[in-house]
Every structure is written in structure tokens, then in C-alpha cells.
Amino acid sequence: MPRKCRIDAAGALHLSMVRGMERGVVFRGDSDRDHFLERLGEILQDTHTPCYAWALIPNHFHLLLKTGTVPVSTVMRRLLTSYALWFNRKHNRSGHLFQNRFKSILCQEDAYLLELVRYIHLNPVRSRLVQDLDGLDLYPYSGHSVLMGKKNLAWQDTRWVLGLYGEKLTAARRAYRLFVERGVGQGRRQDLTGGGLLRSAGGWEGVKSLRQNKVYQKNDERILGDGDFVERVLASAEEVVEKRHALRSAGFDLEKVVSRVSEVLGVRPEEVWAEGKYRRMVEARSLLCYWAVRKLGVSLSSLSRKLRISVPSVSDSVARGQRIAEERHFFLTQT
């Protein structure tokens, strides 16, 4: 059975979990972990991707991310590829480091954000890397220590998470820690990481209760949320796919996008592709990137090769192009 494509959208919350091949170790020491965090921070800041929680375990890691200017799958692909190459060189090994397809679940933010932050940050306790919450407060390879003010990372969004617990920092940290403490004894939670219906219903007890009452929810293994949320996400994803298919069926390709950019900005088609930092060239290239990536589904890497710029530069151009289109009311099609 073919695997389902990933679901993503601007501002979507994702729980991403990555394991080593055959559950092998992916962090052999602190230098590995430090390099991974440095690379993660660079990519998150390049792509304007907020990170709310994270934890590194010897054979896997968890991230809680919100989609920024590029899809989370692109962020993860860059991270996994660059770290695996570095790790193999350092440790004189070859072959795959991570399982081929990382696990990513799109989450209903208002219902699950705090639960997911707690669940992820308690991973070192469940894995017995630290003995208790006091040890977790000081553990440098989990976002919990950042929220507690013991470690500083510019790319972790602590303000948003702590802001949910209170306006004053000290009181917010105290309330957050108390919430985490109440979760220490919960162990592994299938309602957060199991199959789609398990998560949507809150575990097996929730599933049985729904069935007994003859209530049937829409569910999907890629999504964490209630039935209504799942339906909205799937409908939105299907709408995006249908719009892209309609554009391609109407003959829209990169050259037609270039022609449309040329038309609305009053530049020659060759100027859209041209290198340079003149304002009209930058605007044309940005609008091209926005429409190509967001409307046609062209990959960032293919555009970077065509434009001879880096993937992060394409990502920035997409965000800039979106602002231009929205502020000036530019549309790819005239209907």
C-alpha cells in the first residue's frame, strides 16, 4: 500500500520523531549533540521555523515545530542530510544513519501544545538519562532546561510557551514545572504517539467509549486532533492539491509564472531570471519563488538550482514574494 504524503500548511504545528537505523545510536557523545543543535538552530533561523520543544536521546530525537516559510519536511530533510554527512565523516562510517522516513504528525495546537511540550521534555526521564525532575532542570539536551532558564538558545521559542502559564516569568516557570512534574508518572502515551484514531480519541479508553456510544470520528495517522480538526486539515490539504492540479492542467508551468511576473511588475521575462540586487530584479525573483513554491508546488531545491542561489535564499524569497503579492494584490491567475 503506497504511503500517504505529508500534510503541511503555513503555521501548522508538527511533532517530528526521528530514529537511528535499526534503532542504532545517532549521538555518540556531547560533541555530536552540540553539533546537531548548532545545525538545527541555523536551519530553524534560516527558515523562520519556531521550535517549542525538543529532546535528544542517544538513538532518536523529538522536535515540536511550527511551519515557517518552508514546509517542515524541507527543514527536516536539510537537518538529517547535513548531520548524517557530518556524523559519518567524523566517525569514519558509511551508509544511512536515520530511518528512511521520519515520523511527523500535524497537531491541533490549542488542544495539544502543552501536553506535547511536556511529553517531549520528559523523554530524558523516561529513558533514564536523568533520575528526576531536578536532573531534568539541568539536562542540557532537552528544551526543558531552556524553559527553566538554565540554558539559552535563541532559536527555541520560550516566550510563547511560558506565556501560556502566566505573564510574569518566575511565576510562569513555576507553573510550567508543576505541570511537567504531574506528567512524570504517565510513562509513554499512545494517545499522543499512537495511531490516528488512538490520538484523536485520547487512547484506547477513548476509542472504546466512542464505539460504545456509536460515535465515529474522522481520523488520520498523520494528524493529532479531534475529528473536526482532522476533517478541516484533510479538506484544506485536498483543496491545495486540487488548485495545483487545476493550474497545471491549465498549462501553468514555470515559464507561465515568469510571464505573469513580467506582466504584473512590468519587467522583461529575462529580468525575472536574472541575477542581481536591483530592487525590481529582487522583487521579480521573489514573486516567482512565491508563486512557484506555494501555488505550483515546485520544490525549493529545484528553484535554487535554476536561480543559482541557496535553498535558504529561495526560502527568504518565498516569504518576500508573499508580502509583495498580498500588499499589491497580485494574483497568479486573473480569475
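Some points to look at:
- Considering only residues in the stretch 22-34 that are assigned to a helix (DSSP H, G or I) and either aromatic (F, W, Y) or modelled with pLDDT of 90 or more (or both), the one that is surrounded by the most Cβ atoms within 10 Å (Cβ to Cβ) turns out to be D32.
Matching residues to (1) without any contact (Cβ under 8 Å) to a residue 40 or more places away in the chain; (2) polar (S, T, N, Q):
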{"site": "Q131", "(1), (2)": "yes, yes"}
{"site": "G135", "(1), (2)": "yes, no"}
{"site": "Y141", "(1), (2)": "no, no"}
{"site": "S145", "(1), (2)": "yes, yes"}
{"site": "W155", "(1), (2)": "no, no"}
{"site": "L162", "(1), (2)": "yes, no"}
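- Residues of the stretch 36-54 include at least one that is open to solvent by 40 Å² or more (accessible area, probe 1.4 Å), under 27 Å from S304 (Cα atoms), at pLDDT 95 or above and touching a helix residue (DSSP H, G or I) at 6+ places or on another chain (Cβ under 6 Å).
- Helices (runs of 4 or more DSSP H) completely within the stretch 249-335 that count 2 or more residues being farther than 30 Å from R39 by Cβ: 254-265, 269-273, 279-290, 311-328
- Complete set of residues in the stretch 83-103 that are in contact (Cβ under 8 Å) with a residue 40 or more places away in the chain and either open to solvent by less than 30 Å² (accessible area, probe 1.4 Å) or assigned to a loop (DSSP other than H, G, I, E, B) (or both): Y83, F87, H91, G95, H96, L97, F98, Q99, R101, F102
- V161 being modelled with pLDDT under 95, touching a strand residue (DSSP E or B) at 6+ places or on another chain (Cβ under 8 Å), open to solvent by less than 60 Å² (accessible area, probe 1.4 Å) and not small (G, A, S): yes
- Note on the stretch 37-59: residues that are in contact with a Leu (Cβ under 6 Å, 6 or more places away or on another chain) and farther than 11 Å from Y83 by Cβ amount to 5.
- Pick from the stretch 66-82, criterion among the hydrophobic types (A, V, I, L, M, F, W, C) and closer than 12 Å to L44 by Cβ, ranking: surrounded by the most Cβ atoms within 10 Å (Cβ to Cβ): V70
The values are calculated or read from the model by the stated rules, or taken from the named source; none is laboratory data. In this text the structure is predicted, and so the values were computed from the model without any measurement. Quick reminder, even Gly has a Cβ in these numbers, built from the backbone with ideal geometry, and neighbours come from all protein chains shown. For the accessible areas, the whole protein counts, side chains as well, though only heavy atoms, and no ligand, DNA or RNA atoms are used. Shrake-Rupley method; radii C 1.70, N 1.55, O 1.52, S 1.80 Å.
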